[in-house]
1. From Glu304, Glu319, Glu299, which residue is farther than 25 Å from Leu57 by Cβ, under 19 Å from the mean Cα position of the chain (by Cα) and not hydrophobic (A, V, I, L, M, F, W, C)?
2. Take the residues in segment 125-145 that are touching a residue at least 12 places away in the same chain (Cβ under 8 Å) and in a loop (DSSP other than H, G, I, E, B); name whichever of them is surrounded by the fewest Cβ atoms within 10 Å (Cβ to Cβ).
3. Can you confirm whether Leu182 is over 27 Å from Asp341 (Cα atoms), within 14 Å of the ligand (Cβ to nearest atom) and touching a helix residue (DSSP H, G or I) at 6+ places or on another chain (Cβ under 8 Å)?
4. How many residues does segment 91-121 contain that are touching a Lys or Arg at 6+ places or on another chain (Cβ under 8 Å), in a helix (DSSP H, G or I) and small (Gly, Ala, Ser)?
5. Taking segment 281-307, which residues are crowded, with 18+ Cβ neighbours inside 10 Å and either small (Gly, Ala, Ser) or out of contact with any strand residue (DSSP E or B) (no Cβ under 6 Å at 6 or more places or on another chain) (or both)?
6. Residue under question is Thr310, and the condition is that it be out of contact with any His (no Cβ under 9 Å at 6 or more places or on another chain) and either among the small types (Gly, Ala, Ser) or under 17 Å from Cys134 (Cβ atoms) (or both); does it hold?
7. For Leu74, are the conditions met, namely being without any contact (Cβ under 8 Å) to a residue 60 or more places away in the chain, surrounded by fewer than 22 Cβ atoms within 10 Å (Cβ to Cβ) and outside any loop (DSSP other than H, G, I, E, B)?
8. Do you know which residues across segment 180-198 are touching a Lys or Arg at 6+ places or on another chain (Cβ under 9 Å) and buried (at least 17 other Cβ atoms within 10 Å of the Cβ)?
Amino acid sequence: MEECPLPGENKGKEVAPQRILVTGGAGYIGSHTCKQLHLAGFEPVTYDDLSRGHISLVRYGPFLQGRLHDRKALRAALNEVQPIACMHFAAFAYVAESVSNPELYYENNVAGSLALLQELVAANVKLLVFSSTCAVYGQADKVPIGEDEPKRPLSPYGRSKLIVEEMLADFDRAHALRSVSLRYFNACGADLDGEIGEIHDPEPHIVPRALMAATGTIPHFEVLGVDYPTLDGTAVRDYTHVIDLAQAHVAALHYLLNGGATDSMNLGIGRGYSVREVLDSVERVTGLKIPIKIGPRREGDPAEVTANPTKARRILGFEPKYTDLDVMVQTAWRWFRRHHDSRT
Ligand SMILES: NC(=O)c1ccc[n+]([C@@H]2O[C@H](COP(=O)([O-])OP(=O)(O)OC[C@H]3O[C@@H](n4cnc5c(N)ncnc54)[C@H](O)[C@@H]3O)[C@@H](O)[C@H]2O)c1
């Protein structure tokens, strides 16, 4: 297959940047990826219905408001933008909500993705990078988790993502739509310049919740389980800085542009931090004490979930740079203060 010119290769000639349609670009990981796409010479065009996103996070390219299921709006967007590829972040991502309201997740994540894939094929856009998740594995038999481990998602959320991965394999066979599904473990941190960061409501993720508890935004941080068979008894997870995730999307795009085949791969740093280690880091970085409440383990929460990222390293050259826990927390803290100051 013919190699596509890389951004910057056409120096001297006036060339418009190649556009990428970014669904969910007004969300946390999507907005950081828009910045990295912009820095790499692409033009990210966000397509988002703002159901859970924020217009203030759309800073690096145009914005089109629309829902995945709105075929007319999506078709018009594809017609106007003429993207060379799509990055698909738009989804709902609360595990507990998906258990109590599965139809919402199949409707939004599965039916929404199907509408997108059909419109992409109709518009002849044949490259896609998809936000998948380690939730597709469920309770893995061993850690670190490799891509070949059995896929036994424990929640409708995890199942909705696995179904889309399978749809993508079918769309490649039938319509030559090539894709990379990136299975993130736990995203954290924020933009190094403090321009964008994480905004979820409610906020389920550990670092922002610990910051909320440290600053009195919530009364305490609840540690769910201190009797796991881990070094300090608390659960261990693989945390990946959002900038490393965002850069992996740009690498996946280059891989597809250079003829890469449809594939799925883990994005994690390959080592875990315990809840206790994260809380210690938040206290160190902020200089504040976190009020803690100890609760029981949550059903179905494994002791340790870490990624084997060897495949992404081999195929995408994925070498995460911001693996130090204090750096992850420092960037999140800078964003947290800025965001909260701007709201008061
Ligand atoms: N945050 C994590 O740690 C994590 C881990 C694994 C996978 N993921 C996946 O990564 C993706 C992005 O996660 P995030 O944390 O940035 O989420 P987010 O909620 O911050 O962003 C999702 C964006 O998608 C938009 N959206 C949702 N449904 C839509 C629809 N039907 N039409 C148009 N727009 C819609 C929302 O408005 C929001 O801006 C999601 O697909 C999520 O499942 C996230």
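The values are calculated or read from the model by the stated rules, or taken from the named source; none is laboratory data. Predicted model only: the values in this text are computed from it and were never measured. For neighbour counting, all protein chains shown are included, and Cβ atoms are generated from backbone atoms with ideal geometry for every residue, glycine included.
1. Numbers: Glu304 fails: under 19 Å from the mean Cα position of the chain (by Cα); Glu299 fails: under 19 Å from the mean Cα position of the chain (by Cα).
The conditions single out Glu319.
2. Going residue by residue through segment 125-145, those that are touching a residue at least 12 places away in the same chain (Cβ under 8 Å) are 125-140, 143-145.
In the following step, the residues that additionally are in a loop (DSSP other than H, G, I, E, B) were identified as 125-126, 137, 139-140, 143-144.
Working: Val125: 21, Lys126: 18, Tyr137: 25, Gln139: 12, Ala140: 18, Val143: 18, Pro144: 20.
Among those residues, the one meeting the criterion is Gln139.
3. Values: over 27 Å from Asp341 (Cα atoms): yes; within 14 Å of the ligand (Cβ to nearest atom): yes; touching a helix residue (DSSP H, G or I) at 6+ places or on another chain (Cβ under 8 Å): yes.
In short, yes.
4. Count: 2.
5. Ser281, Val282, Val285, Thr286, Thr306, Ala307
6. Details: out of contact with any His (no Cβ under 9 Å at 6 or more places or on another chain): yes; either among the small types (Gly, Ala, Ser) or under 17 Å from Cys134 (Cβ atoms) (or both): yes.
In short, yes.
7. Details: without any contact (Cβ under 8 Å) to a residue 60 or more places away in the chain: yes; surrounded by fewer than 22 Cβ atoms within 10 Å (Cβ to Cβ): no; outside any loop (DSSP other than H, G, I, E, B): yes.
Criteria not met by Leu74.
8. Ser181, Arg183, Phe185, Asn186, Ala190, Asp191, Ile196, Gly197, listed by residue number.
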